[in-house]
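Everything on this sheet refers to the single structure shown next.
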Protein chains: 2
Amino acid sequence: MTLLHDHLADLPSCDTAARDAVHERAGQILRPSGALAWLDELAEWVAGWQRSAHPRVVKPAGLIFAADHGVAAATQVSAYPTGITQAMFDAYRQGRSTINAFAAIAGATVTAVDVGIGQPTADIRHQAAMDADRFDAVVGQAFDAVDRLDCDLLVLGEMGIGNTTASAAIAAALAGGEAAAWVGRGTGVDDEGLDRKRDAVQESVRRIAGVTDPIEILREVGGAELAAIAAATVAARRRSIPVVLDGYVVTSSVLPLSVAVSGALDHCTVGHCSAEPGHRKLLERLGKRPLLDLDMRLGEGSGAMAAVPLIAMACAGITDVPTFAEWFGED
Amino acid sequence: MTLLHDHLADLPSCDTAARDAVHERAGQILRPSGALAWLDELAEWVAGWQRSAHPRVVKPAGLIFAADHGVAAATQVSAYPTGITQAMFDAYRQGRSTINAFAAIAGATVTAVDVGIGQPTADIRHQAAMDADRFDAVVGQAFDAVDRLDCDLLVLGEMGIGNTTASAAIAAALAGGEAAAWVGRGTGVDDEGLDRKRDAVQESVRRIAGVTDPIEILREVGGAELAAIAAATVAARRRSIPVVLDGYVVTSSVLPLSVAVSGALDHCTVGHCSAEPGHRKLLERLGKRPLLDLDMRLGEGSGAMAAVPLIAMACAGITDVPTFAEWFGED
């Protein structure tokens with residue numbers, strides 16, 4: 001058993017009293033009952049996982065994990081060379097990438113954590129991406145990263161050239177169907193690259209045909225940043241921080257949690273549906289509706305960050321707006 | 001001819017040089033080309049209408065027009081009494097309504113303008129909502145209100161008990177089809193109220209069967225806040241301020257502009273698609289895709305305000321993020 005298996009035991013459940021209090025208040029707010037529809041439900045969800053009847057998003061945080069992939073170095077599955085992972089990591093750290101620009105508008109911090117840049121995982125076509133020691137080390141790094149944050153909503157993002165290949169392998173191994181159906185163009189690979197990517201996914205999934213434990217599948221065909229995202233998701237649950245999932249890579253990263261433990265993603269909402277074709281299928285499987293559907297396919301947490309102001313508005317619409325009784329009593 | 005007819009003549013066109021410059025830059029930004037898809041197009045659109053190659057949303061403003069409707073006083077077409085218009089206006093002014101909470105998160109100001117609270121328009125079933133003098137006066141108020149704003153993006157909102165009835169009448173008169181098909185429950189009217197509402201819309205549309213000028217249709221079956229929204233939309237065009245349209249009422253208010261002058265709404269984007277059933281049909285007719293689709297049906301500009309951070313992010317994604325050349329040259 002890995003460290004992530006341990007952390008998955010006895011997950012805290014939702015604070016139903018907080019959630020129900022917000023549900024009741026939502027029906028009394030100074031606006032037609034139900035006029036905010038889904039946003040009221042979002043506020044209830046935040047309340048339940050923040051464990052507070054006064055849900056608020058005033059300290060959102062973006063946490064981006066970056067790492068390199070052996071499969072990308074061994075066979076060209078991406079439109080970009082692996083060195084781009086480091087370049088983008090530098091941009092996050094210096095506040096210059098798209099996610100930083102989005103976070104500035106959302107009032108969020110951005111923290112980028114290197115979990116293996118220049119230390120690629122093994123080529124998943126031929127062996128496990130990580131041995132148990134490295135997997136545990138990455139999980140520990142992710143828990144530490146979440147521990148260091150002071151936030152009320154967590155956006156998880158990733159950067160790693162080749163990581164939509166690993167994501168497709170996880171999705172194919174856990175959700176089944178033709179492996180090729182889970183493969184998209186990622187950052188924009190050409191037709192030949194797409195063929196190589198499909199082959200790589202097929203080969204990887206075939207290699208682990210006997211593996212049934214979903215966390216083991218994550219270790220076998222995932223990547224370091226994918227394992228970190230799964231671990232950070234569990235860490236957030238333990239610290240009463242609701243999570244906003246980003247696109248295909250992030251969703252594939254957490255899929256093993258939900259297969260391993262029913263309800264393990266109940267504290268997660270989905271920021272957007274990506275243009276990467278496998279994402280919509282994964283969301284349907286998870287039964288989660290994305291807040292935004294804008295054909296974005298950038299990663300780095302950008303689609304989730306784009307949804308943060310909506311979640312903040314949903315909460316403010318409950319916490320900062322009076323009820324009819326409060327308003328007419330106030331006059 | 002009314003004052004609004006005059007203002008509609010010789011509308012400024014888009015700054016295509018600014019728009020094209022942003023289009024070119026979008027393809028060079030430090031991210032996979034096309035990864036932001038529609039958001040890049042939004043930034044181009046903002047650039048074209050702000051007339052700047054450096055599009056930005058740092059001073060968004062919400063402008064809410066409020067007024068009462070004779071048809072609502074004469075026959076119960078709303079779930080709420082007409083006095084609610086004043087109560088909500090007070091809440092906007094005191095910063096306590098949902099739109100204020102949303103605006104605080106979007107970094108926007110909120111200005112509420114009374115264009116006829118307690119001075120209801122005439123009952124549109126039997127006579128013109130406004131005579132030419134009142135219509136011109138409201139248009140003047142709206143132009144003045146826009147003149148007083150210092151903003152780079154304008155959200156238009158409305159409050160007026162009974163105004164989805166007026167909106168349905170405008171839509172039915174201009175877009176055709178069964179009048180009843182344009183009528184929804186608004187703030188949540190019951191079945192009997194819905195029947196009264198359908199009757200009122202049918203009667204109003206029948207009364208103006210001979211009127212073909214779209215601006216005259218707005219004056220005949222609209223309302224004061226609807227006329228103000230149409231006028232403010234034109235005023236914004238003249239001041240190089242892109243506009244975010246809200247739900248059914250706002251979209252119905254500006255529909256006459258687009259019928260009168262092709263391209264009159266090119267400087268407008270649509271914040272969200274409302275749960276009011278006629279809204280989606282109107283958007284299809286206008287060929288506009290809503291940024292959000294969250295089943296909201298509140299009005300007061302809330303759905304448009306919810307989309308403001310996305311538009312700000314789209315602009316920041318161009319203006320605040322380096323190109324590949326800038327980034328790698330910087331190192």
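The values are calculated or read from the model by the stated rules, or taken from the named source; none is laboratory data. All of these numbers come straight from a predicted model, not from anything done at the bench. Positions of Cβ are generated from backbone atoms using ideal geometry, with glycine treated the same way; all protein chains shown enter the neighbour counts. For the accessible areas, the whole protein counts, side chains as well, though only heavy atoms, and no ligand, DNA or RNA atoms are used. Shrake-Rupley method; radii C 1.70, N 1.55, O 1.52, S 1.80 Å.
For A:Asp213, place a label point 7 Å from Cα along the Cα-to-Cβ direction in every copy; what are the distances to the other copies, in nm, shortest first?
7.9
Thinking of region A:204-256 as a set of Cα atoms, what percent of all their pairs are more than 16 Å apart?
Cα-Cα pairs in region A:204-256 separated by more than 16 Å: 42 percent.
Quote the total accessible area buried by chains B and A together, excluding ligands, DNA and RNA, probe 1.4 Å, nearest 100 Å².
Roughly 4200 Å².
So what's region B:247-302 giving for Cα Rg divided by 2.2 N^0.38 Å, two decimals?
1.04
For chain A, set up a Gaussian network in which alpha carbons nearer than 10 Å are linked by springs, and say which option among A:Glu24, A:Glu203, A:Glu300 fluctuates the most.
A:Glu24
Would you mind checking the tilt of helix B:302-319 against the longest principal axis of the Cα atoms of chain B, expressed as 0 to 90 degrees and rounded to 10?
It works out to around 20 degrees.
Quick check of the Kirkwood formula: for region B:83-154, what is the inverse mean of 1/r over all pairs of different Cα atoms, in Å?
14.2 Å is the Kirkwood radius here.
Using the Cα gyration tensor of region A:111-210, with a ≥ b ≥ c the square roots of its eigenvalues, what is the shape: rounded (a/c below 1.5), prolate (a/b larger than b/c) or oblate (neither)?
Verdict is prolate for region A:111-210.
Averaging over every viewing direction, what projected area does the convex hull of the Cα atoms of the protein assembly as shown cover, in nm²?
28.2 nm²
Quick check: pseudo-label points 7 Å beyond the Cα along Cα→Cβ at B:Asp213 and A:Phe324, how many nm apart are they?
Each label point lies 7 Å from its Cα, and together they span 4.2 nm.
Give me the percent relative contact order of region B:199-258, please, defined on Cα pairs under 8 angstrom at least 6 residues apart.
37 percent
Mind listing the label-point distances from B:Gln94 to the same position on all other copies, shortest first, one decimal in nm, points 7 Å along Cα→Cβ?
In ascending order, 5.1 nm.
Using only Cα atoms, find the angle between the long axis of helix A:132-147 and the longest principal axis of chain A, and express it within 0 to 90 degrees, rounded to the nearest 10.
Value to nearest ten degrees: 30.
Report the label-to-label distance for A:Glu178 and A:Asp20 in nanometres (one decimal), using points 7 Å from each Cα along the Cα→Cβ vector.
About 4.9 nm separates the two model spin labels.
Once you've got the GNM for chain A with C-alpha springs shorter than 10 Å, pick whichever of A:Ala169, A:Ala224, A:Ala137 has the biggest mean-square fluctuation.
Judging by the Gaussian network model, the answer is A:Ala137.
Given charges of +1 on the Cβ of Lys and Arg and -1 on the Cβ of Asp and Glu, with all other atoms neutral, how large is the dipole of region A:186-308 about its Cα centre, in debye to the nearest 20?
Rounded to the nearest 20 debye, it is 520 debye.
In peptide A:81-87, what is the residue-averaged number of other protein chain Cβ atoms found within 10 Å of each Cβ?
1
Stretched out fully, how many nm does the piece from A:Arg93 to A:Arg239 gain, at 0.36 nm a residue minus the Cα gap?
Extra length from A:Arg93 to A:Arg239 when fully extended: 50.1 nm.
For region B:183-331, state the semi-axes of the equivalent ellipsoid (square roots of 5 times the eigenvalues of the alpha-carbon gyration tensor), sorted largest first and rounded to whole angstrom.
They are 36, 19, 11 Å, listed from largest to smallest.
Scan chain A for the residue whose Cβ is closest to the axis carrying it onto chain B, then write down that distance in whole angstrom.
Residue with the nearest Cβ, plus whole-Å distance, for chain A: A:Pro309, 2.
With a cut-off of 8 Å between alpha carbons and a minimum separation of six or more residues, what is the relative contact order of chain B in percent? Mind dumping the intermediate values first?
On the way: 695 pairs, mean separation 83.9, N = 331.
Normalised by residue count, the contact order of chain B is 25 percent.
Could you go through region A:107-118 in sequence order and give the Karplus-derived ³J(HN,Hα) for each residue, using 6.51 cos²θ - 1.76 cosθ + 1.60 with θ = phi - 60°, rounded to whole Hz, and x for Gly and Pro?
x, 10, 7, 10, 10, 10, 10, 7, 10, x, 6, x
Quick one: the Cα spread of chain A along its three principal axes, in angstroms, biggest first?
Principal-axis extents of the Cα atoms in chain A, largest first: 71, 39, 35 Å.
Using a simple spin-label model with points 7 Å from Cα along the Cα→Cβ vector, what separation in nm is obtained for B:Asp191 and A:His126?
7.2 nm
Once you have a ≥ b ≥ c as the square roots of the Cα gyration tensor eigenvalues for region B:1-151, tell me rounded if a/c is under 1.5, and otherwise prolate or oblate according to whether a/b is larger than b/c.
Prolate is the answer for region B:1-151, as a/c is 1.5 or above and a/b outweighs b/c.
Starting from the Cα gyration tensor of region A:1-57, take the square roots of the eigenvalues, sort them a ≥ b ≥ c, and report rounded, prolate or oblate (rounded when a/c is under 1.5, otherwise prolate if a/b is larger than b/c, else oblate).
Since a/c reaches 1.5 and a/b is larger than b/c, the shape of region A:1-57 is classed as prolate.
For B:298-304, what's the mean count of beta carbons from other chains sitting within 10 Å of each residue's beta carbon?
3
Relative to the longest principal axis of the C-alpha atoms of chain B, give the angle of the C-alpha long axis of helix B:191-207, reported between 0 and 90° and rounded to the nearest 10°.
With rounding to tens, the tilt is 90 degrees.
Order these peptides, B:93-104, A:282-293, by their mean beta-carbon neighbour count within 10 angstrom, highest first.
Those peptides, ordered most packed to least, come out B:93-104, A:282-293.
How well do other chains shield peptide A:23-32, expressed as the mean number of their Cβ atoms within 10 Å of each residue Cβ? Numbers along the way, then the final one.
Numbers: counts 0, 0, 0, 0, 0, 0, 3, 7, 11, 11.
Going residue by residue through A:23-32 and averaging, the value is 3.
For B:Asp190, go 7 angstrom from Cα along the Cα-to-Cβ vector, then report the distances to that same point in the other copies in nm, smallest first.
Between copies, matching label points for B:Asp190 lie 6.8 nm apart.
Using amide H atoms built in the peptide plane, which far-off residues or other-chain residues are under 5 Å from A:Gly62 H to H?
Hits under the 5 Å cutoff: A:Thr109, A:Val110, A:Thr111, A:Val155.
Do you know the relative contact order of region B:1-71, to the nearest whole percent, from alpha carbon pairs under 8 angstrom that are 6+ apart?
34 percent
Please compute the Kirkwood hydrodynamic radius over region B:152-241, one decimal place, Å, based on all pairs of different Cα atoms. If you can, show how the numbers build up before the last one.
Numbers: mean 1/r = 0.0716 Å⁻¹.
Hydrodynamic radius (Kirkwood, Cα pairs) of region B:152-241 is 14.0 Å.
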